[in-house]
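So the structure is just underneath, and the comments pick up after that.
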Amino acid sequence: MNSIPSQIAADYARDGFVFPLDILSADEALILRTDLEEAEALYADDPKKRAMVRGYPARLLPSYDALIRHPKMIAAASAVLGPDLLVWGSGHFIKEANTTSYVSWHQDLTYWGLDEPDEATLWVALSPASVEAGCMRFIPGSHRERIMPHADSFADENLLTRGQELQVEVNESDAVDAALKTGQASLHHGHLFHASGPNSTNDRRIGAAIRYIKPSMKAEAGPETEVSLVAGEDRYGHFKLIDPPKEKLLQSEFDAITADIARREAVLFAGAQDKGHRRS
């Protein structure tokens, strides 16, 4: 894939996505995967902290903070959002080997409480994301749609927080399989229709999703919502800017994340019919 910024911008404007982007070497991706899996093992008996490691890795692992600031990540995000960038959040989508977990057709920005659609996700494969492993599928041009109606399922095997699913017809014959090699990334718009199927391979399918936004945006969760300034400057002050983690898995970061989760979930789960099935 041509990674010239002008070509990224043109493809993104036309389709709502760009892939594959060569971001990391296989060895660099392995460092991230190792940090993740060591932390998962460390907190095997602490599901709350384990969920935070998966859901807030850039707050807890310096290697992930380096990822969100990686020059190739910044170049791709800047091509579609401009030179000033905040990271709204980082997290993982993990499908264990030979499992039936999936992601239903949805639009990312449905429940996030952001006032503008100027959000782009860079999804980095930390293991092979083949069709068989359940790579993402995109509907070209669907990013031009407004936020469409979704229904919550809270289905156990759906990786989305509310199991949300688009309530409009999706022509799956139009879908593009965004297969990625380890270390490659895709870039997609927050309104894009996308989904992914189960992982039928013998390896975990691990994707790190980094959500970039413009500093001009505002969040329904309020100005105390914590974000990272990763490029340019913030001339607006609509969010609370946080410093990079000084070392791995600091208790002070777990405490701060707990408070930030409460702010965000008040918006994310507003109106949910089955809050007892929340997922982190």
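All of the numbers you see were taken from the coordinates with simple rules; none came from a lab. The model shown is predicted, which means the values in this text are computed figures rather than measured ones. Please note: Cβ atoms are built from the backbone with ideal geometry, for glycine as well, and neighbour counts cover all protein chains shown.
Remarks
- Theoretical FRET efficiency, 1/(1+(r/R0)^6), r = Cβ-Cβ of Ala9 and Val131, R0 25 Å, to 0.05: 0.35
- A dipole drawn for region 157-280 from +1 and -1 charges on Cβ atoms has a positive end, and of Thr161, Ile213, Val230 the residue lying farthest that way is Val230.
- Relative to the Cα centre, the charge distribution of the chain, modelled as +1 at Lys and Arg Cβ and -1 at Asp and Glu Cβ, gives a dipole magnitude of about 200 debye.
- Residues considered: Ser252, Ser90, Ser127. Largest GNM mean-square fluctuation over the chain, using C-alpha springs under 10 Å, is found at Ser252.
- In order through region 90-97: 3J(HN,Hα) via Karplus (6.51 cos²θ - 1.76 cosθ + 1.60), integer Hz, x for Gly, Pro: 9, x, 10, 10, 10, 10, 5, 4
- Segment Leu250..Lys181, full-extension length gain: 21.7 nm, with 0.36 nm per residue of separation and the alpha-carbon distance subtracted.
- Dipole magnitude of region 16-62 about its Cα centre (Cβ charges: Lys, Arg +1; Asp, Glu -1), debye to nearest 20: 320
- Within region 220-259, the GluC sites (Glu not before Pro) that combine a DSSP coil assignment with at most 10 other C-beta atoms in a 10 angstrom radius are Glu233, Glu247.
- Applying the Karplus relation 6.51 cos²θ - 1.76 cosθ + 1.60 with θ = phi - 60° to region 13-22 yields 3J(HN,Hα) values of 5, 6, 9, x, 7, 9, 6, x, 10, 7 Hz, where x marks Gly and Pro.
- Only one residue of Ala120, Ile94, Thr34 has its Cα farthest out toward the positive end of the dipole of the chain, where Lys and Arg carry +1 and Asp and Glu -1 on Cβ, and that residue is Ala120.
- The 3J(HN,Hα) values that the Karplus relation (6.51, -1.76, 1.60; θ = phi - 60°) gives for region 56-72 are, in residue order, 9, x, 6, 8, 10, 10, x, 5, 6, 4, 5, 4, 5, 9, 4, x, 6 Hz. Gly and Pro appear as x.
- Comparing Ala179, Ala262, Ala75 in a Gaussian network model of the chain (Cα springs below 10 Å), the most mobile by mean-square fluctuation is Ala262.
- For the chain, with +1 on Lys and Arg beta carbons and -1 on Asp and Glu, the positive-most of Val80, Leu250, Pro149 along the dipole: Leu250
- Given their separation in residues at 0.36 nm each and the Cα-Cα distance between them, Glu224 and Asp27 gain 67.3 nm when the chain is fully extended.
- Each of Tyr236, Tyr102 has some number of other Cβ atoms within 10 Å of its Cβ, and from fewest to most they run Tyr236, Tyr102.
- Mean Cα-pair separation over length for region 1-151, i.e. relative contact order, pairs under 8 Å, 6 or more apart, %: 31
- Neighbour cut-off at most 12 other Cβ (10 Å), DSSP loop, trypsin sites (Lys or Arg not before Pro), region 135-233: Arg146
- Computed over the chain, relative contact order equals 30 percent, with contacts defined as Cα pairs under 8 Å that lie 6+ residues apart.
- Label positions at Asp243 and Thr100, each projected 7 Å from the Cα along the C-beta direction, are separated by 4.9 nm.
- Spacing of the two label points (7 Å from each Cα toward its C-beta) at Ala266 and Ser216, in nm: 2.8
- Here each label is just a point 7 Å from Cα along the line to Cβ, and for Ala66 and Glu40 those points are 2.1 nm apart.
- 222 nm mean residue ellipticity, helices alone, for the chain (DSSP H n ≥ 4; -39,500 (n - 2.57); rounded to 500): -8500 deg cm²/dmol
- Residue-count net charge about Pro83 - beta-carbon cut-off 15 Å; Lys, Arg +1, Asp, Glu -1: -1
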